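Quick notes on the structure that follows.
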Amino acid sequence: MATAEPAPLLDILVRGPEGFSLWNGPPFSNGQPGVKLENVSCSSTKFSEDGSTLMVIKSDSVISIYDCTSYREIRSFQIPNVLAAALSPRGTYLQTFQKFSTPQEKNVTLWRTDTGDSVYHQHQKNMTKATWPSIKFSFDEAVACRLATNEIQFFDVGDFSKAFINRLRVPGVAALELSKAPGSHVAAFVPESKGIPASIQIFACGKDPQSQPVARRSFFRCSTVQLNWNNGSTGLLVLVQSDVDKTNQSYYGESKLNYLTTDGSHEGLVPLPYQYCNLFLNAQSLFVPSTVLVMPAKATVFDKKCNPLLELGTGPYNTIRWNPKGKCILDNCDLLLENISNMLVLSFGNLPGDMAFWDYIDKKQLGATRAELSVTSEWSPDGRYFMTATTAPRLQVDNGIKIFHYNGSLFFKKMFDKLYQVDWKPESPDRFGDIAELVKSIESLKVVETKPQGETSKNSQTSVKASTSNPPAQKPAAYRPPHAKAAAAVQAQLFGESPTETLSKNALRNKKKREKKKAGEATSGA
């Protein structure tokens with residue numbers, strides 16, 4: 001009988017002014033993390049998406065590649081005038097962008113990290129967030145493509161010397177996003193041009209890419225877009241933003257959220273009844289649920305059919321993070337995380353750093369804690385720990401790391417004079433077991449409901465109302481000065497109308513006195 005593979009150990013990368021070091025992740029044997037790799041001088045570091053490789057950019061344009069099993073340097077590249085570098089998802093390739101001296105100089109190079117050989121060159125004039133990395137890979141590196149003028153070009157991953165082997169004609173294409181797992185589809189964005197609306201098109205990208213899109217969505221008033229595939233490559237979220245809001249509802253412009261599926265079952269807007277100045281989105285493997293935030297913040301959880309499942313009410317939220325094990329949500333006021341069974345709401349950045357744990361099924365708050373001045377935050381790959389950090393240059397003081405248990409209790413804290421970067425080493429969540437004690441810990445918690453923090457959607461309110469006995473709080477009436485309390489009654493008397501408001505007790509008493517006095521004067525006069 002085959003034995004189960006043991007879960008990998010957690011590792012933490014910490015980078016400061018003296019360079020980076022690698023720590024053993026929690027749980028710690030003596031309450032303090034052990035050091036796997038002492039300080040290595042560098043200016044930047046980045047793990048590959050699968051955590052197998054670490055890229056380290058050092059001084060004098062040297063890029064070193066480390067194997068994350070032994071943390072030994074396996075390759076070093078001397079690349080003059082390098083401006084940017086990126087690893088492929090599995091660390092097989094290194095992509096570099098150099099400052100060019102002539103217009104036709106091929107300044108983008110693709111290198112193999114195991115041999116150090118260059119396998120592809122091309123010229124790229126500018127580097128933007130939409131165009132870098134130039135060559136985009138699927139997570140398994142089975143599909144690779146790049147954006148060209150009016151087309152998307154696909155490579156033979158086994159032999160980049162063949163250049164591109166297939167092309168997909170998309171006139172006016174300005175940005176693309178390749179689905180990650182699996183790399184079965186590619187989304188292309190075409191901006192507005194001469195009265196023609198902007199559009200998002202999804203194409204299948206097999207051995208023979210189809211020229212007809214499997215899904216398409218058009219829209220006007222579009223300056224930028226954000227494309228976000230779900231795990232499974234079945235759905236795409238498209239955040240469309242314009243610099244100017246013609247309805248004058250928002251100073252920051254107009255935002256709309258679109259959702260498209262590769263099977264054509266849904267192509268349309270996510271119904272959001274409010275205007276956004278900022279919005280962050282994320283999705284789980286089945287795209288259920290998705291969460292969006294607004295400023296002033298209002299968080300809503302949707303299902304894959306874009307029906308609202310849960311509204312967390314208003315609050316200082318601005319970021320979303322998902323627990324990789326799908327058990328806990330963390331919603332941050334600079335940060336929000338969501339889970340299938342419970343979730344955590346937080347407030348980071350310029351906000352006070354409050355974190356509230358929510359039970360997603362029962363739609364109630366379980367507990368709360370605080371992580372002040374947090375700049376970055378992320379769940380551990382096993383879903384048991386949540387790490388926040390205060391880093392420079394965003395904040396030059398009170399730099400440090402905090403690690404919390406999944407139930408919100410503080411596990412570890414360490415302060416630094418200067419801290420630049422903190423990251424978990426990526427690992428597949430499937431390599432870790434489920435958190436069985438999470439359900440037990442939630443059932444043992446006693447929640448005292450004092451002030452409602454969130455509210456359910458209209459579709460789920462029928463079941464919630466049946467179990468809720470507290471009536472909704474009445475909205476306080478607007479302040480009215482004393483001299484204006486009887487204004488409606490006076491106006492009604494002047495125009496011969498009946499008063500629309502009930503007089504106060506003092507006004508009624510004075511009215512009776514006046515009427516009695518008038519009756520007495522009339523009697524004495526007669």
| Under a point spin-label approximation (7 Å from Cα along Cα-to-Cβ), what is the residue 151-residue 409 distance to one decimal in nm? | 6.2
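Rounded, prolate or oblate: which fits region 1-94, taking a ≥ b ≥ c as square roots of the Cα gyration tensor eigenvalues, rounded meaning a/c under 1.5, else prolate when a/b beats b/c?
Judged from the Cα gyration tensor, region 1-94 comes out oblate (a/c at least 1.5, b/c at or above a/b).
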| task | Over 30 Å between C-alpha atoms is what I'm after, so list which of 162/325; 180/425; 180/325; 180/413; 325/402 land there. | result | 162/325; 180/413
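Relative to the present Cα-Cα distance, how much length would full extension add between residue 193 and residue 246 at 0.36 nm per residue of separation? Intermediate values should be presented prior to the final figure.
On the way: separation 53, 0.36 × 53 = 19.08 nm, distance 1.89 nm.
The residue 193-residue 246 span can extend by a further 17.2 nm.
Sort the following peptides by mean Cβ neighbour count (other Cβ atoms within 10 Å, averaged over residues), highest first: 234-243, 65-74.
Packing order, densest peptide first, comes out as 234-243, 65-74.
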| Amide H to amide H, which residues 5 or more places from residue 421 or on other chains are under 5 Å from it, using H placed in the peptide plane? | 15
| query | With labels modelled as points extended 7 Å from the Cα through the Cβ direction, what inter-label distance (nm, one decimal) is found for residue 166 paired with residue 114? | reply | 2.5
| request: Would you mind checking which residues have amide H under 5 Å from residue 321's amide H? H placed 1.01 Å from N; only 5 or more apart, or other chain. | output: 330, 332, 336, 337, 338
| request: Compute the separation of the alpha-carbon centres of region 105-126 and region 38-71 and state it in Å as a whole number. | output: 19
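Rounded if a/c is under 1.5, else prolate if a/b is larger than b/c, else oblate: which is region 12-52, with a ≥ b ≥ c the root eigenvalues of its Cα gyration tensor?
Working: a/c = 2.90, a/b = 1.34, b/c = 2.16.
Note, shape of region 12-52 comes out oblate.
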| message | Can you list residues from other chains, or at least 5 along the same chain, whose modelled amide H is less than 5 Å from the amide H of residue 74? | response | 65, 66, 67
| query | So what are the ³J(HN,Hα) numbers for region 509-516, from phi and the Karplus equation (6.51, -1.76, 1.60; θ = phi - 60°), rounded to whole Hz, Gly and Pro as x? | reply | 4, 5, 5, 5, 5, 5, 5, 5
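Rounded, prolate or oblate: which fits region 120-179, taking a ≥ b ≥ c as square roots of the Cα gyration tensor eigenvalues, rounded meaning a/c under 1.5, else prolate when a/b beats b/c? It would help to have the intermediate numbers written out before the result.
Details: a/c = 1.38, a/b = 1.33, b/c = 1.03.
Verdict is rounded for region 120-179.
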| said: At 1.4 Å probe size, with the rest of the protein present, what percent of the exposed accessible area of region 41-111 is carbon and sulfur atoms? | reply: 46
| task | Report the charge-dipole magnitude of region 88-128 in Debye, nearest 20, computed about the Cα centre from +1 at each Lys and Arg Cβ and -1 at each Asp and Glu Cβ. | result | 120
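For region 1-86, what is the accessible area per residue in Å² when the probe is 1.4 Å? Before the final figure, lay out the partial values.
Working: 4600 Å² over 86 residues.
Per residue, region 1-86 has 53 Å² of solvent-accessible surface.
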| Cα-projected label distance for residue 523 with residue 67, points at 7 Å along beta-carbon direction, nm | 11.4
| query | How much FRET efficiency would the formula 1/(1 + (r/R0)^6) give for residue 218 and residue 43, where r is the Cβ-Cβ distance and R0 is 35 Å, rounded to 0.05? | reply | 0.20
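The values are calculated or read from the model by the stated rules, or taken from the named source; none is laboratory data. Since the model is a prediction, treat every value here as computed from it, not as a measurement. No Cβ is skipped: glycine too gets one built from the backbone with ideal geometry, and neighbour counts run over all protein chains shown. Protein only, heavy atoms only, side chains kept; ligands, DNA and RNA dropped before computing areas. Shrake-Rupley method; radii C 1.70, N 1.55, O 1.52, S 1.80 Å.
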